[in-house]
1. Any idea which of (1) out of contact with any strand residue (DSSP E or B) (no Cβ under 9 Å at 6 or more places or on another chain); (2) at pLDDT below 95; (3) not acidic (Asp, Glu) is the one residue A:238 doesn't satisfy?
2. Using the structure shown, decide if residue A:211 is away from chain B (no Cβ under 14 Å), assigned to a helix (DSSP H, G or I) and basic (Lys, Arg).
3. For residues that are facing chain A (nearest Cβ under 8 Å) and closer than 19 Å to residue B:150 by Cα, scanning just region B:70-98, find the one that is surrounded by the most Cβ atoms within 10 Å (Cβ to Cβ).
4. For residue A:233, indicate whether it is crowded, with 24+ Cβ neighbours inside 10 Å, closer than 21 Å to residue A:66 by Cα and not small (Gly, Ala, Ser).
5. Could you tell me whether any residue of region A:192-208 is away from every other protein chain (no Cβ under 14 Å) and in a loop (DSSP other than H, G, I, E, B)?
6. Any idea how many residues of region B:272-303 are crowded, with 21+ Cβ neighbours inside 10 Å, of a type outside the set (A, V, I, L, M) and under 23 Å from residue B:334 (Cβ atoms)?
7. Could you say which residue among B:251, B:267, B:263 is buried (at least 23 other Cβ atoms within 10 Å of the Cβ) and either without any contact (Cβ under 8 Å) to a residue 12 or more places away in the chain or under 30 Å from residue A:1 (Cα atoms) (or both)?
8. Residues that are of a type in the set (A, V, I, L, M, F, W, C), in contact with an Asp or Glu (Cβ under 8 Å, 6 or more places away or on another chain) and away from chain A (no Cβ under 14 Å): list the helices (runs of 4 or more DSSP H) wholly contained in region B:216-324 that include at least 2 such residues.
Protein chains: 2
Amino acid sequence: MLPALPPDRLLLGPGPSPTAPSVLLALARPTLGHLDPWLLARMDELRAGLREVFRAPNGTALALSSTGTSGIEHVVFHLVEPGERVLIGSSGYFGARLAEIARRAGADVIVVEGAWGRALDPDALRKAAAGKRCKLVALVHGETSTGVLQDPRPYRALADELGALLALDCVTTLGTAPLEFEAWGLDAAWSCSQKGLACVSGLAPVCFSARALQAIRARRTPVASFYFDLALLLDYWGGARGYHHTASSNLLIALHEALRLVLEEGLPARWQRHERNARVLWSGAAERGLELLVPEAERLPALTTLKVPAGVDDARARKMLLERYDLEIGGGLGPLKGQVWRIGLMGHGSSERNARLALGALCTAIDEQRRRG
Amino acid sequence: MLPALPPDRLLLGPGPSPTAPSVLLALARPTLGHLDPWLLARMDELRAGLREVFRAPNGTALALSSTGTSGIEHVVFHLVEPGERVLIGSSGYFGARLAEIARRAGADVIVVEGAWGRALDPDALRKAAAGKRCKLVALVHGETSTGVLQDPRPYRALADELGALLALDCVTTLGTAPLEFEAWGLDAAWSCSQKGLACVSGLAPVCFSARALQAIRARRTPVASFYFDLALLLDYWGGARGYHHTASSNLLIALHEALRLVLEEGLPARWQRHERNARVLWSGAAERGLELLVPEAERLPALTTLKVPAGVDDARARKMLLERYDLEIGGGLGPLKGQVWRIGLMGHGSSERNARLALGALCTAIDEQRRRG
């Protein structure tokens with residue numbers, strides 16, 4: 001094996017986003033033991049920071065030692081027991097993933113599928129549930145496969161009607177778009193470290209309401225996973241500080257620094273920055289005749305889907321950007337494969353410079369294909 | 001939140017071990033996308049490197065995006081289906097954890113418990129199984145709670161007698177002690193990144209034999225976990241390169257560098273270094289009248305358990321070492337709490353200097369307690 005010196009990519013795809021420089025430095029500090037008192041004190045601050053970014057002053061937050069996808073699994077496998085009914089709104093790849101994980105949890109899953117590229121209609125979910133009691137209503141706040149921002153506010157009333165808890169996938173919205181865990185009445189939310197928070201991947205922030213914790217305590221069947229068992233994790237993160245697994249001090253200290261940067265900027269300022277730079281991209285795309293997949297009112301600030309123009313090869317364009325410019329943007333997933341590009345302006349990567357740069361580079365790739373055929 | 005600058009601890013406990021300097025630098029390289037072709041090529045090398053360190057040229061190896069404990073769960077939940085019989089040898093905290101995870105997998109678990117601080121007797125396991133067919137025989141190679149090295153070789157014959165697969169917990173032995181996945185006839189093994197490999201925690205190397213993969217393909221029930229689903233992981237690591245989760249390029253590149261260092265040193269040289277430095281600690285302890293928990297023939301080179309002398313307070317001594325010397329050693333777990341210290345000389349931390357330093361510091365702490373009362 002030879003030493004591996006990675007190329008210096010500019011990450012303007014669906015995530016990871018560019019890691020903030022001071023976060024990379026924090027990551028490389030000497031390692032600490034997972035029970036080191038200094039680290040445990042930082043973990044307390046980290047939990048407080050997560051409650052701030054989720055806007056959940058009374059929530060219970062921690063970070064799983066695994067990536068964002070494990071957050072879905074952790075929440076769903078804790079809130080749902082086999083045979084219980086779950087109502088899921090899905091209009092993209094990650095809504096479908098949420099439904100798959102609920103099925104794997106043994107739930108009786110009602111999925112309401114919306115058009116990829118559009119927000120869901122709460123009344124379609126209400127109709128599908130037909131008043132049947134549900135344990136959980138779950139949906140995706142920012143659908144990373146389509147670039148749609150789903151307003152979760154109407155779903156609290158629906159969850160109440162069905163006697164259900166409400167869970168939200170915030171993988172792409174935490175730190176990039178308004179998110180109000182408590183004001184919106186959420187019971188659980190999960191996210192990742194490598195998008196809006198500008199940390200590296202490897203940790204999954206999760207947050208639970210008191211009601212969700214109560215539902216978990218009232219389970220009739222135990223949670224099968226030892227690794228993701230919330231009771232054991234809470235004992236480590238805040239209880240008796242019992243050993244459960246060897247959490248990575250390097251990742252935790254990196255996330256600590258990432259949260260510090262988010263809170264130093266301030267959430268409203270950060271949300272506005274994402275919105276402002278997304279608008280630069282949106283108006284620039286319109287000026288250059290590129291079509292956006294999502295209507296303006298339903299767009300996710302952190303991730304924009306541009307339709308691949310007729311006659312242009314999606315993969316060839318992305319390859320050119322990666323090889324010539326060290327620039328990563330995303331392709332489409334599922335039915336959108338080859339149909340859209342996904343440009344992420346997230347976290348440290350959300351800047352006017354990057355918005356203009358991505359668009360300029362993409363237009364160069366398109367022009368070149370058209371010229372060369 | 002204030003910026004967090006970690007103290008510079010010397011990690012001579014049960015793990016994490018000191019991260020090798022070039023691994024910390026590799027960790028802090030700019031982040032890459034999880035589907036970046038450059039990263040995918042490094043992941044191929046990483047798999048080859050893992051096959052080398054496991055000594056499994058025909059094995060299927062990869063690293064889970066989670067810590068060592070998840071390796072137990074991943075392997076057990078794949079190899080065992082609800083109701084199937086599992087035979088587990090346990091003589092320590094991690095043997096007990098293995099049994100608990102097998103129970104959580106719904107297995108019919110036969111646990112043979114040995115004395116903490118001694119190796120198991122294969123005939124005790126044979127007797128307990130009483131010839132009943134088992135799906136899996138599983139045990140711990142290096143029991144980190146007691147400092148015992150368990151020779152897994154006699155268990156292949158036993159597993160064959162019972163028609164079982166053989167799985168081994170190599171969390172503390174990978175890269176520190178002779179381990180021969182193929183020559184010993186193992187079907188599955190798991191480890192961590194932060195001990196013998198001198199990387200940070202956050203990745204769990206796992207390895208499967210062809211027979212184990214066949215058993216997984218022949219399952220009657222699906223694996224519940226999406227995050228740990230081997231078929232999906234293999235599709236990402238080596239198949240269609242399908243997106244499954246956002247693996248951390250920073251962690252993967254750090255592990256790549258860690259494996260490079262291991263293979264540059266050479267496994268036999270590395271095993272000998274661990275053995276040699278452990279012997280410095282063992283003989284030094286004997287000279288100073290400190291008693292070792294484990295008989296010499298059964299000792300783990302990477303981790304030594306010293307009995308806390310009568311009248312000495314374990315926690316007070318460890319606190320003094322941490323606060324005055326920035327030196328971490330481990331305390332006892334379970335029934336050994338307050339009874340032993342655990343000194344790890346692992347990976348980059350296995351040196352004669354550290355062996356003498358740990359012992360000298362510990363003796364200072366003991367002397368001080370005796371003097372001050």
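The values are calculated or read from the model by the stated rules, or taken from the named source; none is laboratory data. Being a predicted model, the structure only gives us computed values, none of them experimental. Because the Cβ atoms are built from the backbone with ideal geometry, glycine has one as well, and the counts that use them run over all protein chains shown.
1. Condition (1) is where residue A:238 drops out.
2. Details: away from chain B (no Cβ under 14 Å): yes; assigned to a helix (DSSP H, G or I): yes; basic (Lys, Arg): yes.
Yes; evaluated as a whole, the condition is true for this residue.
3. That would be B:72.
4. On the way: crowded, with 24+ Cβ neighbours inside 10 Å: no; closer than 21 Å to residue A:66 by Cα: yes; not small (Gly, Ala, Ser): yes.
No, not satisfied.
5. The answer is no, given that none of the residues of region A:192-208 is away from every other protein chain (no Cβ under 14 Å) and in a loop (DSSP other than H, G, I, E, B).
6. In the first step, residues of region B:272-303 are kept if they are crowded, with 21+ Cβ neighbours inside 10 Å; the result is B:274, B:277-278, B:281, B:285, B:293-294, B:299-303.
Pick out the ones that are also of a type outside the set (A, V, I, L, M) and you get B:274, B:277, B:299, B:301.
Cutting the leftovers down to under 23 Å from residue B:334 (Cβ atoms) gives us B:299, B:301.
Residues meeting the conditions: 2.
7. Working: B:267 fails: buried (at least 23 other Cβ atoms within 10 Å of the Cβ); B:263 fails: buried (at least 23 other Cβ atoms within 10 Å of the Cβ).
Just one listed residue meets the conditions, B:251.
8. On the way: elements: B:230-237, B:249-265, B:267-287.
The helices (runs of 4 or more DSSP H) meeting that bar are B:267-287.
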